[in-house]
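Contents: one structure, followed by commentary.
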Amino acid sequence: MIDNYITGSVIKSLREKKGLTQEALAEKIFVSAKAVSKWETGRGFPDISLLERLSSALDISVIELLSGNCIENSNRTAKMTKSKIYVCPICANAIFATGETLISCHGIALPAQEAEEADSAHKATIEEVEDEYFLHIEHEMTKEHYISFAAAISDNAVQFVKFYPEQEAECRFKRSRVKRIIYYCNQHGLFSLEPK
């Protein structure tokens, strides 16, 4: 994995972006300038024990360094309606982030889920009941195939409900300021709908 990303050109580019000389980087991570020069010319790779210090000196995370994804969050206002959802395929852990990030679970870098419009196999209905939305998802709920969660996203909050196999995929959300509702099928991914 290391030789896929930690290449000389990447180290050099990140070092120069920080305005560091080879000597300054070497000093920060307690190696010789000759070692940094070797990495940058492709004649060697940093030892795994140096990854934390190297990533810290270059102002990126170890995960970013290993994966090659340098995250620059352009969502400075952290709008809830632009939240990203990450779901682990192993444990179904669902993580909400208000901007770009690098999420890892069970050693897997998780991609942000892209919500799709529901198809006939994932049809959902929303009904207004007083100050709430009642969500009903017409989907089987077996141990192998089920809706894992649903969330109502407003401009200032996320309401989250976890579902479990062999129960109904239905819940209620407070209606106030809700812009969209999402739900996640453990086999087919994320679906989205907007309340009318």
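The values are calculated or read from the model by the stated rules, or taken from the named source; none is laboratory data. This one's a predicted model, so the numbers in the text were calculated from it and none came from an experiment. With ideal geometry, Cβ positions are generated from the backbone for all residues, glycine too; neighbour counts draw on all protein chains shown. Side chains are part of the model used for accessible areas, which takes the heavy atoms of the whole protein and leaves out ligands, DNA and RNA. Shrake-Rupley method; radii C 1.70, N 1.55, O 1.52, S 1.80 Å.
Some observations on this one:
- Among the candidates Ile11, Ile103, Ile63, the residue that is at pLDDT below 90 and open to solvent by 60 Å² or more (accessible area, probe 1.4 Å) is uniquely Ile63.
- For Thr81, the conditions (1) at pLDDT 90 or above; (2) open to solvent by 50 Å² or more (accessible area, probe 1.4 Å); (3) of a type in the set (Ser, Thr, Tyr) are fulfilled apart from (1).
- Taking the criterion of being open to solvent by 30 Å² or more (accessible area, probe 1.4 Å) and either of a type in the set (S, T, N, Q) or over 31 Å from the mean Cα position of the chain (by Cα) (or both), the residues of region 16-32 that qualify are Thr21, Gln22, Glu23, Ala24, Glu27, Phe30, Val31, Ser32.
- Any chance Cys91 is modelled with pLDDT of 85 or more, open to solvent by less than 80 Å² (accessible area, probe 1.4 Å), closer than 30 Å to Arg180 by Cα and out of contact with any strand residue (DSSP E or B) (no Cβ under 6 Å at 6 or more places or on another chain): yes
- Ala33 vs. criteria in contact with a Ser or Thr (Cβ under 9 Å, 6 or more places away or on another chain) and either among the polar types (S, T, N, Q) or at pLDDT 90 or above (or both): yes
- Selection count, region 145-171, where residues are under 26 Å from the mean Cα position of the chain (by Cα) and more than 19 Å from Ala94 (Cβ to Cβ): 2
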